[in-house]
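Here the structure is laid out as structure tokens; the discussion comes afterwards.
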Amino acid sequence: MAVKPPVMRALSRSLSLRLRQAPRPSSPCSSKQLRTYSNEPTKARLNGSVDYSSTPLLNHISQSCLANPELPQHVRQSKTKRINLFQAINEAMRHALQTDERVLVFGEDVQFGGVFRCTMGLAQDFGNERVFNTPLSEQGLVGFAIGAASEGMRPIAEIQFADYVFPAFDQLINECAKVRYRAGDTGMDCGGVVVRMPSGGVGHGALYHSQSPEALFTHVPGLRVVIPRSPVQAKGLLLAAIASNDPVIFMEPKILYRAAVEQVPIGSYTLPLDRAEILKPGSDLTIVSYGTPLYTCQAAIEAAEKDFRCSVELIDLRTIYPWDRATVLESVEKTGRAIVVHESMMNAGVGAEIAATIQEQAFLRLSAPVKRVAGWATHTGLVYEKFIIPDVTRVYDAIKQSLDY
């Protein structure tokens, strides 16, 4: 056995003595009572788990799905099937590959289905020339997508996590977003580029798998930024993005990949990239959100309407850039109050732009200041994720404060 030097022996004795002398936790702070994880408290009235099986934001029966007036008439007369969000993404890409030989799907590990299985089975059915893996280089795969689109292809590039997109910013901001403007009347563009990426919190993502960087893209003219809330929306918006002549950043809330399940039309269809959707009409207050937080907002609205006897309008932006100002302003002019909710941090977030627009264009109709409920401006520690992103209680409190102002 190796003999420890005198300094190490002294250090070991000192640490051992400190450990023996350390006080044991008293009963009020026993290990059973210490909360070392981020989870909802037992029997919480507001902050319980979202019940995706009953939320009115999902179509649990075919009739409600096919009643959507945005669907084409032939689709509204068709059949549906019950699938989750990642399966809807897969179906959209499958349809695009089947109907347009210009469509390519590529990214890191997409041949075996990707981390979230969104590309599962596509390489086997369409071959490795159209569905293929790329090197671990986000800048490289996005640069390839821009070049392919400039040559007339319709590339769908997958970033494995939104947290990994930052090396590709130069390509996206300085090339992808500017090609059409720079080319003038030459007809050159990179329309058809869709850059897909899982984004947002999942409960245990920590520093590098929980970020929501959508606001960084909304400062860039030339890009569209789309975030779907459900399988029906994901399929229709992705097909619309692939057909668009603008490059599209398509951000998929990873917690909804399997959690959000609903009836989805079997055939192909597109949904508008330039319109928000009013999910629930109301007369006293407007809540604007997108993606996963919509389910939090819905739960808060149900509790608030029961407790405060109010009527709250809920709007899904869907496309957060360029966003549908007309729908939001029309709603706020009717209700006189507005709250914006998103997972990404508050400072310089999407909510800041919406709040500023409402203040500029609907100020005289406001009965209360526009409120923002957003993620805190901090990094996401592994056990603190649920403490950082908005929960039902925070949205509920914002509704109360706005109504009481």
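The values are calculated or read from the model by the stated rules, or taken from the named source; none is laboratory data. Since this is a predicted model, take the numbers as computed values, not measurements. Ideal geometry is used to build each Cβ from the backbone, glycine not excepted, and the neighbour counts take in all protein chains shown.
Hey, among the residues in region 353-375 that are among the small types (G, A, S) and free of Cβ contacts under 8 Å to residues at least 40 places away in the same chain, which one's surrounded by the most Cβ atoms within 10 Å (Cβ to Cβ)?
Step by step, filter region 353-375, then rank; the result is A374.
Checking each residue in region 327-347 for being under 22 Å from the mean Cα position of the chain (by Cα) and of a type outside the set (D, E) picks out T327, V328, A338, I339, V340, V341, H342, S344, M345, M346, N347.
Within region 135-156, the set of residues being surrounded by 19 or more Cβ atoms within 10 Å (Cβ to Cβ) and closer than 9 Å to E108 by Cβ comprises E138, L141.
Output yes when any residue across region 211-229 is without any contact (Cβ under 8 Å) to a residue 24 or more places away in the chain and either farther than 18 Å from I320 by Cα or hydroxyl-bearing (S, T, Y) (or both), and no when none is. Checked region 211-229: no residue is without any contact (Cβ under 8 Å) to a residue 24 or more places away in the chain and either farther than 18 Å from I320 by Cα or hydroxyl-bearing (S, T, Y) (or both). Within region 248-277, the residues that satisfy the criterion of being touching a Gly at 6+ places or on another chain (Cβ under 7 Å) and not in a strand (DSSP E or B) are K254, I255, Y269, T270, L271. C65: at pLDDT 95 or above, more than 30 Å from C190 (Cα to Cα) and hydrophobic (A, V, I, L, M, F, W, C), yes or no? Criteria met by C65.
Condition (residue is part of a loop (DSSP other than H, G, I, E, B), within 25 Å of L58 (Cα to Cα) and at pLDDT 95 or above) applied to region 340-350: is it met by at least one residue?
No: region 340-350 contains no residue that is part of a loop (DSSP other than H, G, I, E, B), within 25 Å of L58 (Cα to Cα) and at pLDDT 95 or above.
Taken together, the criteria exclude Y257 from residues that are within 19 Å of the chain's Cα centre (by Cα), touching a residue at least 40 places away in the same chain (Cβ under 8 Å), buried (at least 22 other Cβ atoms within 10 Å of the Cβ) and not assigned by TED's automatic domain parsing to the domain that holds M120.
For the condition charged (D, E, K, R) and at pLDDT below 95, E129 does not qualify.
Within region 232-247, residues that are under 18 Å from M153 (Cβ atoms) sit with their Cβ atoms under 7 Å from residues that are among the charged types (D, E, K, R), at 6+ positions apart or across chains, in these pairs: I242/R154; S244/R224; N245/D189; D246/R224. Looking across D391, D397, one residue alone is free of Cβ contacts under 8 Å to residues at least 40 places away in the same chain, of a type outside the set (A, V, I, L, M, F, W, C) and surrounded by 15 or more Cβ atoms within 10 Å (Cβ to Cβ). It is D397. Taking region 287-319 as the range and being part of a strand (DSSP E or B) and over 20 Å from the mean Cα position of the chain (by Cα) as the test, the residues that pass are V312, E313.
Quick grid of which residues meet (1) in the same structural domain as Q171 (by TED's automatic domain parsing); (2) among the basic types (K, R); (3) buried (at least 21 other Cβ atoms within 10 Å of the Cβ):
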{"residue": "A243", "(1), (2), (3)": "yes, no, no"}
{"residue": "S283", "(1), (2), (3)": "no, no, no"}
{"residue": "I320", "(1), (2), (3)": "no, no, yes"}
{"residue": "A348", "(1), (2), (3)": "no, no, no"}
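The set of residues from region 303-312 being of a type outside the set (S, T, Y) and surrounded by fewer than 16 Cβ atoms within 10 Å (Cβ to Cβ) comprises K306, D307, R309. Based on this model, can you work out whether R224 counts as surrounded by fewer than 20 Cβ atoms within 10 Å (Cβ to Cβ), in contact with a strand residue (DSSP E or B) (Cβ under 9 Å, 6 or more places away or on another chain) and of a type in the set (K, R)? No: the conditions fail for R224. If the condition is being crowded, with 24+ Cβ neighbours inside 10 Å and not charged (D, E, K, R), then region 178-199 contributes C190, G192, V193, V194, V195, P198, S199. Of the helices (runs of 4 or more DSSP H) lying entirely inside region 111-230, those containing at least 2 residues that are outside the structural domain of D324 (by TED's automatic domain parsing), under 28 Å from D316 (Cα atoms) and under 15 Å from the mean Cα position of the chain (by Cα) span 214-217. Could you list, in sequence order, the residues of region 322-335 that are within 17 Å of R372 (Cβ to Cβ) and either in contact with a Phe, Trp or Tyr (Cβ under 7 Å, 6 or more places away or on another chain) or part of a loop (DSSP other than H, G, I, E, B) (or both)? Matches in region 322-335: W323 only.
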